[in-house]
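K.L.:
Can you keep this structure in mind? I'll have questions shortly.
The values are calculated or read from the model by the stated rules, or taken from the named source; none is laboratory data. Model, not experiment: these values are computed from the prediction. Because the Cβ atoms are built from the backbone with ideal geometry, glycine has one as well, and the counts that use them run over all protein chains shown. Ligands, DNA and RNA are stripped out before the accessible areas are found, and what is left, the full protein with its side chains, is counted by its heavy atoms. Shrake-Rupley method; radii C 1.70, N 1.55, O 1.52, S 1.80 Å.
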Amino acid sequence: MSAPVVGTDVPRVDGLEKVTGAAKYTADLKFPRLLHVAVVRSPHPHARVLDVRTDRAARMPGVRAVASGRDFPLHTGIYLKDQTVFATDRVRFVGDPVAAVAAETPELAAEAAAQVHVEYEPLPPIFDVEEGFAEGAPLVHPDLGSYEVVPWIRPKAGTNVCNHLKIRKGDYASALKGSWKVFENVFRVPQVQHVPMEPHVSVARVDLAGKVEVHSSAQSPFTVRHLLAHCFGLPHGDVRVHVPYVGGGFGGKAGINLEPIAVALAMRCRGRWVRLMVDRHEEFFATVVRQGLTATLVTGVDRHGKVQAQKMHYLWNCGGYGGYGVNIVRSAGYTCGGAYEFPNVEGDSIGVYTNRPVGSAYRGFGMQEIHWALEQQMDRVAVELGIDPAEFRLKNCLGAGKSTVTGQLLDEHAGRVDLCIRNVAKAIGFEPDRERTPYRGKGIACAVKAPAMPNDAASSVILKFAEDATLEILISGIDYGQGLMTVVAQFASEALDLPVEKIRVKGCPDTDLSPYDWQTVASRQTWATGNAVFRAASEIRGKLCATAAEALSVPAEELSLRGGAVVHEATGRALPFERLVMGYQFPDGHAIGGPVAAASSYLPEGLLFLDPETSQSAKPVAKWTFGAQAVSIAVDPETGQVTVEKVAACYDVGKVVNPALIKGQTYGGIVQGLGTGTMEELVLDPKTGRAVNASLMDYKIPSTEDVPAEMAVDFVETAQKDGPMGARGIGEHTMIPTPAAIANALWDACGIRISEMPITAEKVWRALKAKERAERGAKAAGEARVPAGTVA
Amino acid sequence: MKKTITLDVNGVAETAEVEVGQTLLRFLRDGLDLTGTKEGCNEGECGSCMVLLDGRPVNSCLVLAVEADGRSVTTVEGLSREGVLHPLQKAFLSQAAVQCGFCTPGMVVSAAALLRENPEPTEDDVKKALAGNLCRCTGYKQIVDAVRDAAAAMRAGAVAGGEAGKPAEREEVPA
Ligand code: FES
Ligand code: FES
């Protein structure tokens, strides 16, 4: 066995293409006589569509296709089919597509789109989630009861609730009654945008034989194919989806996005390639965003500082459609207690339609939002009880022998949040007796997340050799930065003892040729595709050894693989892969074996549905990844500006496959977390429902100048039983706890709490002023009450 | 309205007829198929489209193609020559400074301009120089490390080149 490859800094296998500019992204592809698309979007947040007249646009020179809801009244959506390709009878957010035009140039397309006449009857819009949830609220989807939906999502017809997951564990009511102290707080998170550097783009053609071909900046080629086939009533085999390199997704390119519009137009101008590319402005509100959240938490503790009763009420602002968002609601439900063991739980996670942009997957899949609430709540309780916040977390956190909110009993392989807490507390200097400096503070927060996916979400791979014994690996997981192609090469290298240089991972899938993969989401790829790689590699090993055994006339069991050769240790004889992969030829000319290849797959094992009433389940998810972050901050009392000086992060990832890449994921997650935590919010005009900050000038994301001076990153490696070499997911987890840790540090620094994300300088400044006023008031009242001459 | 322009792109003389309103970004990507230069916003806010115009970094979405007439343009494709990487490209690989890669061309080009002006930048210098290049993936740390690494390698290369008479790694930016 050569030196280990897993656990080392193997450089990205897709790096060379990316640093030279060779890597092709969807918008870089050239298509003959490409047509350009302009979409007609609703200017109203909520309106009835009375009429759509496209005849004038269709007659304009250079226009090749026009499509609207009349032509394509087809429903789509990954879990709940609540959306049509184009709005038919009603628009539900500003930006809702009503029609689209394909023309010879982008300018002609835009001119023609302006000539599409749409008659609207405005309806009262709902932007606020509580308003949408209130009884008697105007309905965003009056037909909710008739939509097709997977059985584990529960929309409530006649309301705006598109999913409701209930957790009932133990006896919350009695436990609350028996509590020593009770704390109730409300926390809010606004909608934010993913802001991938590459905006969404999809290209489609329907050929004269009716076959559909799509190139798209997408996270999930097979899900795109599946949903396109369903939506347009086509056999899957007639739909072909290619995904080239993708310039960031963060969940915003999961499921299906622009593809149906491009295909609808392509259907009306067969033989022509049609490209729909949203610009940066549209990217902010017309593509999906992260859902908003209003969380109400009640915590009852006993005299020992142990939480006995915990209530969590999560109201999700899903926006106009919930096709994907309903599963965030579900995931936030079965993870509602975060990294803690709560013996008695009442949890409700409720998705609510409003007339805001469409909520969907965003790195963390609801977890950053609920941790914003939970981790501040835990901090408040600890502070009120006079217990060190790290200590309080350790007292209540999950671990081996503890049970989650669904009643799942964790074992010793589950990952150690306690070690992560201790690790970051130490790294940031979180000792209870630390020296205090005004306006400087430290905060801590935990994180947990499981992959949120259907129980049968699978990944598969194909391994095959080229003539020179280069191993080619076909995957359909997308490497949009997280490093999947590289870790796949590392796993195969490790399994077959083949140098990484002899491996090529084909990471830009084509559904006609590549193996099936459900989606690249849920931090599931290293784990699921990784497992499939090991399975396929073991088959490859068997084939190579069988041929070599016959060639060398030795038993196959005595053979091993080393450095790209099959070796018989006892005799020192070896056959390089080159002599085996296309078949072995004996000196007399006869040949055995044949081109060596293997296909394999991985499907999570033993997952069980949640109980429909209580959501109790012994194994609702495949795995949990735990972690914690701690931060130290400085607050400028004059401006309210918060500077995050240091962030310490620690996660139990099971196995560090590539230290340089996992650090990159963690730095990236921390800074993205800093963005949503302190800067980002998609703001709508409360009258018109239009996004007022839909540009990179007005919606700031972190730049080099916002990066903390120090980021200390560490990992715990409690092997995941069913993980490849023990590895579990990490990509999304890295941004979950950052905002809550900053909020908690803010309390530590200056005694204020910001319960509504993001923590902007303005909010901090206002809170400091309010605190000053309150203190002055208290002082004055105190002086007034104390008679002169009284000895305190 | 169209106009004929002649310019040097990555050391190659190009003559083309362009619409006067066309941006340099469009011209490079559509006219010359130099798609390494990316469009992230088309309004000068992200740096994905950064190229060197006569050695200075510009957002090519804000420059008209006709403005580049008679001038020299370096794109990411011009930083490596016949398979030999620019020290910055090497450092981006060795420091794991690349994730999705969409910002990478603009970053590398922007950093090349910095190192030309300032061969020994501090961490703050690098952060300042790259403040107009947005990256949503990396958290910037490994990018900043890579730029400083490349600077060190280039200084060492220049010294080695001078002393041992070996050719310097290569001129980082064509004038
Ligand atoms: S595309 Fe030019 S700055 Fe964004
Ligand atoms: S690597 Fe993805 S935007 Fe920078």
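K.L.:
Please find, among A:ASP722, A:ASP748, the residue that is modelled with pLDDT of 95 or more, in a loop (DSSP other than H, G, I, E, B) and either within 21 Å of A:GLY673 (Cβ to Cβ) or within 22 Å of the chain's Cα centre (by Cα) (or both).
P.N.:
A:ASP722
K.L.:
Restricting attention to the range A:17-45, which residues are closer than 23 Å to A:VAL98 by Cα and polar (S, T, N, Q)?
P.N.:
Within the range A:17-45, A:SER42 is the sole residue that qualifies.
K.L.:
Right, here's the next one. With among the charged types (D, E, K, R) and open to solvent by less than 20 Å² (accessible area, probe 1.4 Å) as the only criterion, which of A:ARG535, A:ARG524, A:ARG504 stands out?
P.N.:
Going through A:ARG535, A:ARG524, A:ARG504 in turn, the sole match is A:ARG524.
K.L.:
Write out, first by first residue and then by second, each pair whose Cβ atoms fall under 9 Å of each other, whose residues are 6+ apart or on separate chains, and whose first residue, in the range A:267-279, is on the phi < 0 side of the Ramachandran plot while the second is at pLDDT below 95.
P.N.:
A:MET267/A:ASP71; A:MET267/A:PHE72; A:ARG268/A:ASP71
K.L.:
Would a scan of the range A:266-286 turn up a residue that is among the β-branched types (Val, Ile, Thr), under 18 Å from the mean Cα position of the chain (by Cα) and either more than 14 Å from chain B (Cβ to nearest Cβ) or buried (at least 21 other Cβ atoms within 10 Å of the Cβ) (or both)?
P.N.:
So far as the range A:266-286 goes, no, none of its residues is among the β-branched types (Val, Ile, Thr), under 18 Å from the mean Cα position of the chain (by Cα) and either more than 14 Å from chain B (Cβ to nearest Cβ) or buried (at least 21 other Cβ atoms within 10 Å of the Cβ) (or both).
K.L.:
Please work out if B:ALA65 is more than 16 Å from ligand 2 (Cβ to nearest atom), assigned by TED's automatic domain parsing to the domain that holds B:TYR140 and touching a residue at least 40 places away in the same chain (Cβ under 8 Å).
P.N.:
Considered against the rule, which asks whether it is more than 16 Å from ligand 2 (Cβ to nearest atom), assigned by TED's automatic domain parsing to the domain that holds B:TYR140 and touching a residue at least 40 places away in the same chain (Cβ under 8 Å), B:ALA65 comes out as no.
K.L.:
A:ALA427 - would you say it is touching a residue at least 12 places away in the same chain (Cβ under 8 Å), surrounded by fewer than 24 Cβ atoms within 10 Å (Cβ to Cβ) and in the same structural domain as A:VAL533 (by TED's automatic domain parsing)?
P.N.:
For A:ALA427, the condition - touching a residue at least 12 places away in the same chain (Cβ under 8 Å), surrounded by fewer than 24 Cβ atoms within 10 Å (Cβ to Cβ) and in the same structural domain as A:VAL533 (by TED's automatic domain parsing) - is not met.
K.L.:
Also, I was wondering about something else. For the range B:63-84, give me each residue that is open to solvent by 10 Å² or more (accessible area, probe 1.4 Å), within 7 Å of chain A (Cβ to nearest Cβ) and either under 11 Å from B:LEU52 (Cα atoms) or not small (Gly, Ala, Ser) (or both).
P.N.:
The answer is B:GLU77, and nothing else.
K.L.:
Which one of these is in contact (Cβ under 8 Å) with a residue 12 or more places away in the chain and surrounded by fewer than 19 Cβ atoms within 10 Å (Cβ to Cβ): A:GLU732, A:GLU756?
P.N.:
Just a single option satisfies the conditions, and that option is A:GLU756.
K.L.:
Next up: Looking only at residues that are open to solvent by 10 Å² or more (accessible area, probe 1.4 Å) and assigned to a loop (DSSP other than H, G, I, E, B) in the range A:188-199, which one is nearest to the other protein chains (Cβ to nearest Cβ)?
P.N.:
This residue is A:PRO199.
K.L.:
Taking only pairs six or more apart or across chains, which ones have beta-carbon atoms under 6 Å, a first residue in the range A:235-255 that is within 14 Å of chain B (Cβ to nearest Cβ) and assigned to a strand (DSSP E or B), and a second residue that is within 16 Å of ligand 1 (Cβ to nearest atom) and open to solvent by less than 20 Å² (accessible area, probe 1.4 Å)?
P.N.:
A:TYR245/A:TYR25
K.L.:
Can you pull out every residue in the range A:482-509 that is in contact (Cβ under 8 Å) with a residue 60 or more places away in the chain and under 23 Å from the mean Cα position of the chain (by Cα)?
P.N.:
Correct list: A:GLN482, A:GLY483, A:MET485, A:THR486, A:VAL487, A:GLY507, A:CYS508, A:PRO509.
K.L.:
Pick out the one residue from B:GLY83, B:GLY78 that is away from ligand 1 (no atom under 16 Å from the Cβ), farther than 16 Å from A:GLY247 by Cβ and modelled with pLDDT under 95.
P.N.:
None of the others qualify; the one that does is B:GLY83.
K.L.:
Filter the range B:40-62 down to residues that are within 16 Å of ligand 2 (Cβ to nearest atom) and more than 7 Å from every other protein chain (Cβ to nearest Cβ) and give me whichever is surrounded by the most Cβ atoms within 10 Å (Cβ to Cβ).
P.N.:
For the range B:40-62, the residue satisfying everything is B:MET50.
K.L.:
Taking the residues in the range B:1-26 that are open to solvent by less than 10 Å² (accessible area, probe 1.4 Å) and more than 11 Å from ligand 1 (Cβ to nearest atom) as candidates, determine which candidate is nearest to the other protein chains (Cβ to nearest Cβ).
P.N.:
Per the criteria, the residue is B:VAL9.
K.L.:
Continuing with the same structure: Out of the residues in the range B:128-151 meeting the condition of being among the basic types (Lys, Arg) and in a helix (DSSP H, G or I), tell me which one is farthest from the other protein chains (Cβ to nearest Cβ).
P.N.:
B:ARG148
K.L.:
Going by the conditions given, is B:ASN118 open to solvent by 30 Å² or more (accessible area, probe 1.4 Å) and either in contact with a Cys (Cβ under 8 Å, 6 or more places away or on another chain) or modelled with pLDDT of 95 or more (or both)?
P.N.:
For B:ASN118, the condition - open to solvent by 30 Å² or more (accessible area, probe 1.4 Å) and either in contact with a Cys (Cβ under 8 Å, 6 or more places away or on another chain) or modelled with pLDDT of 95 or more (or both) - is met.
K.L.:
Right, something else. Of the conditions (1) closer than 22 Å to A:VAL6 by Cα; (2) within 14 Å of another protein chain (Cβ to nearest Cβ); (3) open to solvent by 10 Å² or more (accessible area, probe 1.4 Å); (4) not aliphatic (A, V, I, L, M), A:LYS646 satisfies every one except a single condition; which number is it?
P.N.:
Among (1) closer than 22 Å to A:VAL6 by Cα; (2) within 14 Å of another protein chain (Cβ to nearest Cβ); (3) open to solvent by 10 Å² or more (accessible area, probe 1.4 Å); (4) not aliphatic (A, V, I, L, M), A:LYS646 violates only (1).
K.L.:
Moving to a separate point now. State the number of residues belonging to the range B:98-127 that are more than 7 Å from chain A (Cβ to nearest Cβ) and either assigned to a helix (DSSP H, G or I) or closer than 21 Å to B:LEU52 by Cα (or both).
P.N.:
Qualifying residue count for the region: 19.
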